[in-house]
Every structure is written in structure tokens, then in C-alpha cells.
1. Can you confirm whether the stretch 386-396 contains a residue that is in contact (Cβ under 8 Å) with a residue 40 or more places away in the chain, among the charged types (D, E, K, R) and surrounded by 22 or more Cβ atoms within 10 Å (Cβ to Cβ)?
2. Every residue in the stretch 102-120 that is in a strand (DSSP E or B) and either touching a helix residue (DSSP H, G or I) at 6+ places or on another chain (Cβ under 6 Å) or not assigned by TED's automatic domain parsing to the domain that holds Thr47 (or both), please.
3. If I go through the stretch 284-301 residue by residue, how many of them are in a loop (DSSP other than H, G, I, E, B) and either under 17 Å from Ala319 (Cα atoms) or touching a Ser or Thr at 6+ places or on another chain (Cβ under 6 Å) (or both)?
4. Go through Leu60, Leu75 for me and flag whichever is among the aliphatic types (A, V, I, L, M), buried (at least 20 other Cβ atoms within 10 Å of the Cβ) and assigned to a helix (DSSP H, G or I).
5. Checking the structure you have, find out if any residue of the stretch 11-19 is crowded, with 19+ Cβ neighbours inside 10 Å and closer than 18 Å to Pro118 by Cβ.
6. Of the conditions (1) in contact (Cβ under 8 Å) with a residue 12 or more places away in the chain; (2) closer than 21 Å to Val14 by Cβ, Glu40 clears all except one; give me its number.
7. If a residue has to be assigned to a loop (DSSP other than H, G, I, E, B), under 28 Å from the mean Cα position of the chain (by Cα) and over 26 Å from Ile394 (Cα atoms) to count, how many in the stretch 427-459 make the cut?
8. Please pick out the residue among Ala405, Ala399 that is part of a helix (DSSP H, G or I) and either closer than 28 Å to Ser192 by Cβ or free of Cβ contacts under 8 Å to residues at least 60 places away in the same chain (or both).
Amino acid sequence: CDLTDSHDAAAALVTIAAYAAAHPAAPWIHGGGWHFSWFEGGMPAATLLDRVVPDRPAYLRVADGHAGWANSAALALAGIDARHPEPRFGRIERLPDGSPQGTLQEEGGMALIERLLPEESTSDVEAAVLAAQRHLFSLGITAWQDAAVGEQLHRAYLRLAGDGRLRAAVRGALWWEPGEGMGQLDRLVTRSCETTGRYSAGTVKLMLDGVCENFTARTLTPYLDATGNPTANCGMDYLDPADLPGIVTGIMRRGLQPHFHALGDAAVRGALDAVAVARRDLGWDDLRPHIAHLQIVHPDDLPRFARLGVVANAQALWACADAAMVDLTIPFLGEPRVSWQYPFGALLRAGATLAMGSDWSVTTADPLAQIEVAVRRRVPADPGSSPFLPEQSITVADAWAAFTAGSAYVNHRDEVSGSLWTGAAADLVILDGDPFAAGDISALVVEETIVAGETVYRG
């Protein structure tokens, strides 16, 4: 059940109801695509979902993947009640009597339900990758790093690359399981050596924290409550900060690239500290560790990116005053942290290498929409909105470079693509206008996408 085209809670409920009616024999109704900002306090209730799916379990992930919405049948099937303990790496939102409210936060909370969902078949996963490839080609994307590659998806990429159906160049970021420790490293090293055609897997994804909207991004100082007073909550660590330097050093010692998920300023600092230890113990290398998302970066940490050779991997679409920012983030961060958000300009001025990507399917994969926000810091398709921290905006040239040369660099493809020169890979995109002259870059249209000299999309 895909809620991508819904724009609020009411529309989502209509979509869910229609999907359930069209699939009367499905044992579960599951899918995703809702947003925290659609619901009061960012937490959809089980009773709301019960209205449209009263007869079987239903469960839908939030668009950014950091929470799940379950109906009463799903909660009962999972045995989640007032006596259920809080999960590791997650949280059960509860009513005043302790019973589950319907929102399950982060991997630990979501796993309570997701372990019960029907397994995806091999053919389903392969079909999903090919559908994703068609969509990304239509947006002018010729290569990407997949940030969460488990065993099944890794095998699907290998099969598709082996028989030539994978036309894009893909670098897989192999998922590091937070609860497994260093024992998983040998397995990931073995997978990283399984390179076929256009697919390679030389990266390890390290989840450090959650997101600000549900107060799980790891911060140096506590979140505020609705009245502006400090709470006791500084977010969540997926990995013990004391263990992280050893994990990162072990990963880099084996020749793998660390890819950190870090939104809070404490998580960003922890990633930089860990790379600093690895650099001290291992010396310099060309692995190009990168930190993704970078919502809050303490000013003291800005120059450390260049000093440590850490790429700033930014998702520009989020750097605007949308509902999630205005209603669920700004009031609970307070100054000066509000002003430390998405500091693209400051990172460039401090000498950092900037790469940009989408984190799709969390939000649109369209690079043109993301470049528009990076340059103007306004809500997409709302030119009248006020710029959010305009001092952190960057030029069209810098944003374009981040999506091309920067992305190629972080994916170790800069020797073959990312800019134009004689002998470079013929991975090209033709637009219907000049982005350097456009009043709204997001309004430009991809006319043709070319991979390795062959047209893979024509609009």
C-alpha cells in the first residue's frame, strides 16, 4: 500500500481503505509512505488505522523509515500490550494506561511487527530493483549508492548485474547489524568481494541515530519540550559511542568504506571521532568515509571533515522550512541548534568535500528539486516561502558539482565519471533547459538519459 501520493492523514486513510478493499484476500495490509507531520505530535494512532482496516493486521512505515504505524490487530498479533518491555534500539509509544498507542519508533520498535510480515520473494526484490532503475533513469540518475543492502538485496543486485539487466552503476552499502558486534565483519568482507558487472559492495552502512522528528537523533544537549524547557532526552544511539572507534577502525582496516547515518550533532561528532581514531591507528587511505544527512552539525566540527578526509553526504531537499521542520523540529531544538542545521555553505567554506544524494524513497530522488532547495533553501514548489537559513545556501555550480563530481567521488567512480573529459564514461543527461539560467531548477525536465553511450530513457 503506497502512500507516496497522499498529502495528509485524510488522504492516506482513503488510500489505505481503497487498497484493503481491492485486496480482500491479503492476510496483511502493509506498505508505507506517511509523514510525521500529518499527525498530531507526529504519532499516528492505532484507532485511526482501525477505522479503515478493522478486519486484519495492518502496518505501514513512515516515509523516512524510522517509525511504523500499526492497527490494533497487528499490535495484538505481535503481543504488544501494556506489559510489553521497551525494545532495544526503539520505543513503543504508549497511552496513559501503558497500552500501545499505535506508533512504533526506530528499528527495535518496528521489528516487533515486521518480523511477522510475509517475506518478500526473490522475484519481488528483483522486480523492485528494476522498477527503481526505470524511475531513477527517468530523473537523469545513472549511478547510485544503495544505503541499506542486506543479504537478499545483495544477491538480487548480483543476479541483475550478472545478466545485464542492471544498467546503472551501483555501489552497495552493506548493512551493519547494531546488535551483532564485530563478528559480522568477516561476512561483510566476503560479500564485498562479490563484485559483478555494474555492481560493487565496498561500503558498510553504520546507523548511529534516528531522526529529529521523533526525538531519536542523538544530540549533545537535551531536546526541549513543548513549553521550551529542557527534557532528559538526548536521542538514541544504535551503536555504543565507546565501541564505535573500534568498529570503524576494524572496517577500514579491512579496506571497506564507512557510511554513517548521523543527523544529531552528537552522532556527527561520534562519527568524526571514530574516523580520527582510525586515521591515527591506520594512517591515511583513500577509502573516503562519509557521513550522511548532517542535520545538526556543531560549528566546532565543521573543519574536521576536511582535516579527516570525511565526505559530507547531504540530502538537500530537507533544508527548508516545511511542516516537519516548523512543527516537529524547530520548537524542540531551540537556538543555537536550529541555526546549525544543514550547514552546506559552512561545510564548503571549511573545505569539506560535498556529495549530494536523495535518501530516496524517504523523499523524492529528483536531483533537480534537490538542487533548487540547496540553492534557494525554500520549500519545493512554494516560491513564496521564506528561505531557511539562507546563509547556508550554495551556488548552482556547487550544488551541481555535489550531485555529479561529489557523488562520483564518494562512490569511487571519479576516475570514470562525474565530469566530462575525453575518455570518461558516456553517462550523460540531457535537460530541456539551462539550470544555470533557470528561475526554478526543479521545473526543468529530463529529456534523455544515456548510460555507457546507450539511451536508457527518453522523455
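1. no
2. Gly102, Leu104, Gln105
3. The number of residues fulfilling the criteria is 4.
4. Criteria check complete, one pass: Leu75.
5. Yes, the conditions are met somewhere in the stretch 11-19.
6. Failing condition for Glu40: (1).
7. Qualifying residue count, the stretch 427-459: 2.
8. Ala405
The values are calculated or read from the model by the stated rules, or taken from the named source; none is laboratory data. Worth saying up front: this structure is predicted, and the values here are computed from it rather than measured. Neighbour counts are summed over all protein chains in view; Cβ atoms, including those assigned to glycine, are modelled from backbone coordinates with ideal geometry.
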